[in-house]
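Single-structure report; data block below.
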Amino acid sequence: MFTFYLRTYGCQMNERDSEALSCLLSAHGHQEVEEESAADLLLFNTCSVREQPELKVLGKIGLLKRAKRGRPELKIGLIGCMGQRLGAELFALLPHLDFVVGSDQLREIPGILERIAAGERHIAVTALGGDDFMRLSEHKGADLCSYISIIQGCNQFCSYCIVPHTRGRERSRDMADIVREVKQQVERGSREILLLGQNITAYGIAEAKRAGHYDPEASYLAELLARLEEIEGLWRIRFTSPHVRYMNDKFIQAICGLSKVCKAFHIPVQSGSNRILKAMNRGYTLEEYVHRVRQIKSLASEAQFSTDIIVGFPGETVAEFEQTLELMREIKYDMAYIFRYSTRSGTKAAENMRDDVSEEEKKRRNQVLLEELNQTVEKRNQAYIGQSLEVLVEGQSKRNEERWTGRSQLNKVVNFPWVESLNIGELRQVKILRSSANSLYGEIVE
Ligand code: SAH
Ligand code: SF4
Ligand code: F3S
């Protein structure tokens, strides 16, 4: 049996995979530790979406070569998207690595550990298309917010993106399974769920097509949300990431009409230029994107939006970049993840397009968008002063022990003075008294 340390890079689906894996390993008698130095097995659940996080992991594991020389019993495994992408090639780069497992084969790890314990080395298991994520439904406990993976993989093949290559084709879990998992988490104390999928709006589509009853007017995700809305004791439902190409009116009506669905929507746009959107193979135009946002606003006026943006996509001109800036000014995002384009080998963009925007120019564009974002958010936070928000109490503030912290329905962090008679998981009205760049501060109103 191993004592293992598991470190996760990348997206929330990876975090969820890690949680399920850690449950699986515990069920096999292995013991998780919080300190790397206390472990005899180090596991790295990795991300391939950009070069930077990949280099970080390679550097990190590279440094472990010496540690391993001093402790030959120490085993190291690299799992997840990088494992999927690079497979056994990784042993040439990192000869002291013991095993590599892709994102679809996590259930193989207990068996691999037996082989490793018996002295085998350099095991690589990277077949894609398994149903691991459908069967890995264990949770460590009941976090206030439980992550629930509902669809794995992506069929969109945006020209820059490695995810379809690392996560394979779309596969959705059974609705009944998901409802069961959510109910179990709520019974254990969760009050909020975050539904996860690389393209969550494609939920159920591949299965319906295969079964011959696909209806483009239907939204299987909307049906799922409606069923989750009925679960007693569940207060908030969030989901990420939806894709505009897969949104229809049914879906929009559901997310606006269901009261537990939080009206803070993360809708990745990537670019404000139609030419770039096309080159990215996003499958929607700027007009279609804006139309969906306006439609949501018209049905739920309080709705707020966040997004993902890539700057410096191959061939992006200054004028095209400025269209993205224009879009940001129009939508007034509450939050945005802004990325500098990073070439991923194996993708269409890597094969057919030249990464011709200089690193310096990418940094500049990134900075311009960040400044725009910060200004909007600061103004918006100030506008909350005097308002009363419903806050889900999350716990003691990490920065200041005399404060509670929680979040509003629209995902704003709200801090307020410590009172004894309060429990994690309660909903309270908090009147906002001041704001900062990142948070709101207020007091409970009785
Ligand atoms: N499925 C989601 C995105 C998943 S990847 C969607 O379609 O919106 C998360 C984000 O990483 C993407 O939204 C994109 O902004 C960014 N990203 C993906 N590939 C990238 C690349 N090659 N270079 C820079 N950013 C990238
Ligand atoms: Fe990648 Fe596009 Fe799929 Fe999102 S929709 S995961 S960006 S290929
Ligand atoms: Fe990264 Fe894989 Fe998620 S590439 S973003 S960890 S799906």
TODO: Find the centroid of the Cα atoms in region 1-53 and in region 404-430, then give the distance between the two in whole Å.
DONE: 30 Å
- [ ] Report the equivalent ellipsoid semi-axes for region 58-103 in whole Å, largest first, defined as the square roots of five times the eigenvalues of the gyration tensor built from alpha carbon atoms.
- [x] 19, 10, 8
- [ ] Using amide H atoms built 1.01 Å from N in the peptide plane, name the residues 5+ places from residue 340, or on other chains, whose amide H lies under 5 Å from its own.
- [x] 311
Task: Cα-Cα over 21 Å, subset of 263/297; 362/412; 183/209; 278/348; 297/379; 260/297 - done: 362/412; 183/209
TODO: Calculate the translational D of region 65-193 in whole µm² s⁻¹ from Stokes-Einstein, where the hydrodynamic radius comes from the Kirkwood formula applied to all Cα pairs, the temperature is 10 °C and the viscosity 1.306 mPa s.
DONE: 95 µm²/s
Open item on the list: If I histogram all Cα-Cα distances within region 147-221 using bins 5 Å wide from 0, what percent of pairs lands in each bin?
Closed with: 3, 15, 22, 21, 17, 12, 7, 2, 0
Open item on the list: Within 10 Å of each candidate Cβ there may be at most 12 other Cβ atoms; applying that plus a DSSP loop requirement, which GluC sites (Glu not before Pro) in region 1-49 survive?
Closed with: 34, 35
- [ ] Hand me the chymotrypsin sites (Phe, Trp or Tyr not before Pro) from region 403-446 located in a DSSP loop with no more than 12 other Cβ atoms within 10 Å, in residue order please.
- [x] 418
Open item on the list: With every atom except the alpha carbons ignored, what do you get for Rg and Dmax of region 388-444, in angstroms?
Closed with: 9.8, 29
Task: Long-range HN-HN contacts of residue 265 with modeled amide H, under 5 Å - done: 304, 305, 306
Open item on the list: Given the C-alpha atoms of region 1-44, compute the convex hull and give its volume per residue in Å³.
Closed with: 54 Å³
Open item on the list: Give the residue list of GluC sites (Glu not before Pro) in region 319-418 that are DSSP loop and have at most 13 other beta-carbon atoms within 10 angstrom.
Closed with: 401, 402
Open item on the list: Within region 388-444, what whole-number % of the accessible surface is contributed by carbon and sulfur, with the 1.4 Å probe and all protein chains included in the calculation?
Closed with: 42 percent
Task: the chain - Rg over Rh from alpha carbon coordinates, Kirkwood radius - done: 0.96
Open item on the list: Let me check I've understood the local charge: for residue 445, count other residues with C-beta under 15 angstrom from its C-beta, Lys and Arg +1, Asp and Glu -1. What total comes out?
Closed with: -2
Open item on the list: Below 9 angstrom from the Cβ of residue 237, what's the summed charge of the other residues (Lys, Arg +1; Asp, Glu -1)?
Closed with: +1
TODO: Would you mind getting me the FRET efficiency between residue 249 and residue 380? Use the beta-carbon distance for r and R0 = 22 Å, nearest 0.05.
DONE: 0.20
Task: Residues residue 402 and residue 285, FRET efficiency given R0 of 45 Å [Cβ-Cβ distance, rounded to 0.05] - done: 0.35
Open item on the list: Please compute the Kirkwood hydrodynamic radius over region 328-424, one decimal place, Å, based on all pairs of different Cα atoms.
Closed with: 17.0 Å
- [ ] Using a cut-off of 9 Å between beta-carbons, work out the net charge of the residues near residue 310 (Lys and Arg +1, Asp and Glu -1, residue 310 not included).
- [x] -1
Open item on the list: Counting pairwise Cα distances across region 264-382, what percent come out greater than 17 angstrom?
Closed with: 56 percent
TODO: Go ahead and estimate [θ] at 222 nm for the chain from helices alone: -39,500 (n - 2.57) per DSSP H run with n ≥ 4, summed, over the residue count, rounded to 500.
DONE: -11000 deg cm²/dmol
Task: Hypothetical label at residue 356: residues of region 305-329 whose amide nitrogen lies under 13 Å (7 Å Cα-Cβ projection) - done: 313-318
Open item on the list: How large is the accessible surface of residue 163 in square angstrom, using a 1.4 angstrom probe and rounding to the nearest 10?
Closed with: 30 Å²
- [ ] Largest first and in whole Å, give the semi-axes of region 3-125's equivalent ellipsoid, each being the square root of 5 times a Cα gyration tensor eigenvalue.
- [x] 19, 17, 14
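The values are calculated or read from the model by the stated rules, or taken from the named source; none is laboratory data. Quick caveat: nothing in here was measured; it's all calculated off a predicted structure. Because the Cβ atoms are built from the backbone with ideal geometry, glycine has one as well, and the counts that use them run over all protein chains shown. For accessibility, only protein heavy atoms count, side chains too; no ligands or nucleic acids. Shrake-Rupley method; radii C 1.70, N 1.55, O 1.52, S 1.80 Å.
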